[in-house]
Amino acid sequence: MTDTEPPAHDAIVLAGGAARRLGGADKPSVRVGGRPLLDRVLTACAGARNTVVVAAPRPTSRPVRWTREDPPGGGPVAALDAGLRHTTADRVVVLSADLPFLEEATVQRLLAALHTSGTDAALLTDADGRDQPLVAAYRTAPLRRALSALAEEGDGPGLTGLPLRRLTAALDLTRVPDPLASFDCDTWDDIADARARIREHGHVLDEWISAVKDELGIDLDVDTGVLLDLARDAAHGVARPAAPLTTFLVGYAAAQGKGGPEAVAEAARKAAALALRWEEEANAAEQPASGKPAPGPGPGR
């Protein structure tokens, strides 16, 4: 690890809220862009060494460790404490499960801010400048101390029902403004807004590819531009239906060779060269060499 590279971290995702403003719906399972909100958040924190989800177990796009606060429904501070008990890294990313626009780059930005600032935590602020302690990176040692102090001074049973502001008030914070990544879904109007913005915020193709990869269980980063260029060349040089068929065959060839992104790129290069040769032959047929008549109809035509 270098001085500018954040150390290893764990992740805690809080996904067990009552979602009263959604009529009690299972909010982490609500789909935005074709994917459950929880899976979207799990994709964003995929760089974590260990990921703990505080909620009742359910199918997810990648393996996680499950736990619950005691009693269930004890609130975010109690849930955070329950998740923290299953982490070992010196840094932990804490996220709610209702963040449709959270990306891995944002998580890395929080970790970098925590690493360089020397504070106890780095958290996002929303469009109104409000702290978002459930989109944050924490140093685990001061976080554990703050939770222990809250448990000792509380009037009720442990940490149940305590607001997050009681926790963050005891920590030295660095704030990172990000109105998009901090957008969370509390109501059905928020869900509708997120579903609309998925198609409008300039990354619809990336969103679609991420959804397909999750659906198919594929963990592979490829150069989308290479495949789009191949589809264009196949459609233009051969026929429009050749575009999807060619990209499928390229993917199949790469999989047969058990290759990664490099194998996809090499197969795409070969297929693109083939499509260009087809186009050259078609152009030659339409423009015969000077002095030679174009092929005419055969005898009897």
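Output the qualifying pairs, or none if there are none: Cβ atoms under 6 angstrom, residues six or more apart or on different chains, first residue in region 46-61 and within 24 Å of Ala19 (Cβ to Cβ), second residue in a loop (DSSP other than H, G, I, E, B).
Thr51/Val64; Val52/His86; Val53/Ala15; Val53/Val64; Val54/Gly16; Ala55/Ala15; Ala55/Gly16
Can you name the number of the only condition in (1) open to solvent by 50 Å² or more (accessible area, probe 1.4 Å); (2) in a loop (DSSP other than H, G, I, E, B) that Cys185 fails?
The number of the failed condition is (1).
Given (1) assigned to a loop (DSSP other than H, G, I, E, B); (2) out of contact with any Asp or Glu (no Cβ under 6 Å at 6 or more places or on another chain); (3) surrounded by fewer than 16 Cβ atoms within 10 Å (Cβ to Cβ), where does Glu69 come up short, assuming only one miss?
Every condition holds for Glu69 apart from (3).
Hey, any hits in region 27-34 for a residue that's in contact with a Pro (Cβ under 9 Å, 6 or more places away or on another chain), open to solvent by less than 20 Å² (accessible area, probe 1.4 Å), in a strand (DSSP E or B) and at pLDDT below 95? Before the answer, list the steps.
Residues of region 27-34 in contact with a Pro (Cβ under 9 Å, 6 or more places away or on another chain): 28-30, 32-33.
If we keep only those that are open to solvent by less than 20 Å² (accessible area, probe 1.4 Å) too, we end up with 28, 30, 32.
With the extra rule that they be in a strand (DSSP E or B), the set shrinks to 32.
Going one step further and asking which of them are at pLDDT below 95, we end up with 32.
The answer is yes, given that some residue of region 27-34 is in contact with a Pro (Cβ under 9 Å, 6 or more places away or on another chain), open to solvent by less than 20 Å² (accessible area, probe 1.4 Å), in a strand (DSSP E or B) and at pLDDT below 95.
Answer yes if at least one residue in region 130-140 is surrounded by fewer than 13 Cβ atoms within 10 Å (Cβ to Cβ), out of contact with any Gly (no Cβ under 9 Å at 6 or more places or on another chain), part of a loop (DSSP other than H, G, I, E, B) and charged (D, E, K, R), and no otherwise.
Just the residues of region 130-140 that are surrounded by fewer than 13 Cβ atoms within 10 Å (Cβ to Cβ), to begin with: 130.
Pick out the ones that are also out of contact with any Gly (no Cβ under 9 Å at 6 or more places or on another chain) and you get 130.
When the remaining residues are screened for being part of a loop (DSSP other than H, G, I, E, B), the result is 130.
If we keep only those that are charged (D, E, K, R) too, we end up with 130.
For region 130-140, residues surrounded by fewer than 13 Cβ atoms within 10 Å (Cβ to Cβ), out of contact with any Gly (no Cβ under 9 Å at 6 or more places or on another chain), part of a loop (DSSP other than H, G, I, E, B) and charged (D, E, K, R): present.
Please give the number of the condition Leu249 fails out of (1) open to solvent by 90 Å² or more (accessible area, probe 1.4 Å); (2) in contact (Cβ under 8 Å) with a residue 40 or more places away in the chain; (3) assigned to a helix (DSSP H, G or I).
Result: Leu249 fails condition (2) only.
Residues to consider are Ala121, Ala113; find the one that is within 19 Å of Gly83 (Cα to Cα), open to solvent by less than 50 Å² (accessible area, probe 1.4 Å), of a type in the set (Gly, Ala, Ser) and in contact with a strand residue (DSSP E or B) (Cβ under 7 Å, 6 or more places away or on another chain).
Sole residue among the options that is within 19 Å of Gly83 (Cα to Cα), open to solvent by less than 50 Å² (accessible area, probe 1.4 Å), of a type in the set (Gly, Ala, Ser) and in contact with a strand residue (DSSP E or B) (Cβ under 7 Å, 6 or more places away or on another chain): Ala121.
The values are calculated or read from the model by the stated rules, or taken from the named source; none is laboratory data. What you see is a predicted model, and the numbers here were worked out from it, not measured in a lab. Every residue, glycine as well, gets a Cβ built from its backbone with ideal geometry; the counts of neighbours run over all protein chains shown. Ligands, DNA and RNA are excluded from the accessible area calculation, which covers all protein heavy atoms including side chains. Shrake-Rupley method; radii C 1.70, N 1.55, O 1.52, S 1.80 Å.
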